[in-house]
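Here the structure comes first, spelled out in structure tokens, and everything after it is commentary.
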Amino acid sequence: MSNARRSQPRARRAVVATSWLVMLTSASCNYYTEELLNGSTKPDGGAGSSSSGTSSGSSGSSESGGSGGTRAQGGAAGTPSSTGGAGAASTSGSTAMGGADNGGADNAGAGGTPEEMTAAGAGGQAADDSCPDDPSKLEPGQCGCGIPESCTALKAALAHRYSFDEKGMVAVDSIGTAEGTIVGASANLGKVSFDGTAVTYVDLPNGLISSLKDASFELWLEWAGGDFWQRIFDFGTNDLGENNQGAGTTYLYLTPSDGSTGNVLRASFTINGLNDETALRASAALPKNTVQHLVLVVDDTKNELRIYLNGSVTALGGFSQSLSSLKDVNNWLGRSNYKDPPFKGSIDEFRIYKTALTAAQIEASYAFGPNPDFL
């Protein structure tokens, strides 16, 4: 599902030079390096001398192409099998022909449609493109999505997404139909802000969590510090029932600092109150006053709880319960089922996945950021 912030595709770049592609791999997604962007193709293509893509091409021959350009900016005539004449420069994916009938590839010269631009300057030999599904990729760094092993799996697993892009008191679910209500505040500039004093929270629909088996809860947020036992989220209920705070009876929560020894980031699950909690504690509190990427994975299949911070696992422990045991009538962001202090900070992205995301998927999602093109 796309949103309004998705960038429009641009013409593919033509890549020319004298060496094999340089490529790095991380979390199943490829990277472009500066060396690759400066130009390289398989070595059987001719050299491309122009970096701007605006110079006229020299004669092509059976083994070589004329000058090529980078970043989808024209190049010159060449031919995969026969001599071609000089090709005038083409720019930005135009369809200028080479001098001879056989010059260059289809739509000869380095011009052609955006899809054909990778053939520029290589004598009809298409340049390798390690981000073929990401035509807007023009700078070094990770490819945007279109990469099946990362993006397809993430998108298929996503059940609910709250980006707070629509100003007001409705927490819009852009993937599912589980709209929430923002209490005591409103969405603004793509986030919900909590001042730590007022009763401010996001109320999500009943039964949202107990309907899942394996699940992953992903956030981009900024914590402003303050009292212990604040809640990033708390899904469950308490002895005073729906819409109230009391003594928690059944819940899954995540707190930035737990007030226990070390005052660390903590997740807890129980179906029988405080004395029967399964607690998972990191080694430190959530960092303050900077945007953090945080994922809690409930892996019922593997009997594990896992916390990831900025793409890396920070806590792992056993889990012998099930989400279906929750009585989740108070599904809150920023509020506790206990009478704990309200959250202080802001949340700009919250997602619920219906699977236990892998470490590679979480690393990839962190790299893609809170607003990837594929969503």
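The values are calculated or read from the model by the stated rules, or taken from the named source; none is laboratory data. Note that the coordinates shown come from a computational prediction; the quantities given were computed from them, not determined experimentally. Ideal geometry is used to build each Cβ from the backbone, glycine not excepted, and the neighbour counts take in all protein chains shown.
So here's what we get for this one:
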item: Residue check, Ser193 out of contact with any Ser or Thr (no Cβ under 6 Å at 6 or more places or on another chain) and either of a type in the set (Gly, Ala, Ser) or modelled with pLDDT under 95 (or both); result: no
item: Residue tally, condition in a loop (DSSP other than H, G, I, E, B), closer than 18 Å to Ala285 by Cα and of a type outside the set (S, T, N, Q), over the stretch 244-265; result: 6
item: Qualifying residue in the stretch 326-335 (condition: surrounded by 16 or more Cβ atoms within 10 Å (Cβ to Cβ), part of a strand (DSSP E or B) and over 28 Å from the mean Cα position of the chain (by Cα)); result: yes
item: Scope the stretch 353-366; condition closer than 15 Å to Leu221 by Cα and surrounded by fewer than 24 Cβ atoms within 10 Å (Cβ to Cβ); matching residues; result: Tyr366
item: Residue match in the stretch 316-324 (condition: under 21 Å from Val264 (Cβ atoms), surrounded by fewer than 22 Cβ atoms within 10 Å (Cβ to Cβ), among the aliphatic types (A, V, I, L, M) and out of contact with any helix residue (DSSP H, G or I) (no Cβ under 6 Å at 6 or more places or on another chain)); result: yes
item: Members of the stretch 178-189 found to be in a loop (DSSP other than H, G, I, E, B) and surrounded by 17 or more Cβ atoms within 10 Å (Cβ to Cβ), listed by number; result: Ala178, Ala185
